[in-house]
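The values are calculated or read from the model by the stated rules, or taken from the named source; none is laboratory data. Bear in mind the structure is a predicted one, so any value in this text is a computation, not a measurement. In this analysis, Cβ positions are derived from the backbone assuming ideal geometry, glycine residues included, and neighbour counts consider all displayed protein chains. Ligands, DNA and RNA are excluded from the accessible area calculation, which covers all protein heavy atoms including side chains. Shrake-Rupley method; radii C 1.70, N 1.55, O 1.52, S 1.80 Å.
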Amino acid sequence: MTSYFASARKVRDTGLPQRDRVLALRECVLRFAPYGFRATWHHLVVGEPSLVRMLEELEQARLVWLASEEDFIARRRREKAAGHRIPSHADRWRTRMLAYCPVFDKHPTARLAVVVQRVIAAHESGASRSTLCFACGRTPASDVPCPECGVDPLGLGARRAVARPDDAHRWREVWLRGKENT
């Protein structure tokens, strides 16, 4: 398994075979998938015409996330130095997927960086999921996936996604479409 940066370098290398570049992008999405792997992959493949642009969108969102993580790490160091060894309940969201979408083709349509920033800002402000969807900000959410953007407020593992009869076929089409992009 290679690092995110090594995989990103392969995606940009137009001298590599297309298959290798697609697999390298897959490795990048495996390392940072704010909607879950399939929904993030679907978002990128449907939204962008080239592998490099897909990677750039993913990297922009990842940079937003990494900046937030750096701030969190610095704050946790200060808290630990002050004797607070256990993270607060409000920080538990950092251990989950940011905006998990149980149905791979129902996800936010905004750029990944915009959604990641919205979700981080909503969590950090202490907003309540009962009043808004953290990903799209429009729809009152509850304990079911948002009808507007498909994000599940309970996250991965809270419930099993209901498989639709044609999901396997539709996923194969999305995966193959990703291999066609250059």
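If you go through the stretch 108-121 one residue at a time, do you hit one that is modelled with pLDDT under 90, surrounded by 13 or more Cβ atoms within 10 Å (Cβ to Cβ) and more than 25 Å from Glu48 (Cα to Cα)? Among the residues of the stretch 108-121, not one is modelled with pLDDT under 90, surrounded by 13 or more Cβ atoms within 10 Å (Cβ to Cβ) and more than 25 Å from Glu48 (Cα to Cα), which makes the answer no.
A count restricted to the stretch 149-166 and to residues that are closer than 15 Å to Phe37 by Cα and at pLDDT 65 or above stands at 5. Answer yes if at least one residue in the stretch 123-139 is assigned to a helix (DSSP H, G or I), open to solvent by 40 Å² or more (accessible area, probe 1.4 Å) and out of contact with any strand residue (DSSP E or B) (no Cβ under 9 Å at 6 or more places or on another chain), and no otherwise. Yes, the stretch 123-139 has at least one match. Within the stretch 118-144, residues that are of a type in the set (Val, Ile, Thr) sit with their Cβ atoms under 6 Å from residues that are outside any loop (DSSP other than H, G, I, E, B) and crowded, with 17+ Cβ neighbours inside 10 Å, at 6+ positions apart or across chains, in these pairs: Ile120/Ser68.
Taken over the stretch 83-106, the criterion of being touching a residue at least 24 places away in the same chain (Cβ under 8 Å) and of a type in the set (A, V, I, L, M) is satisfied by Ala90, Met97, Leu98, Ala99, Val103. Take Ala61 and decide whether it is within 26 Å of Thr139 (Cβ to Cβ) and touching a Leu at 6+ places or on another chain (Cβ under 8 Å). When the stated conditions are applied, Ala61 passes them.
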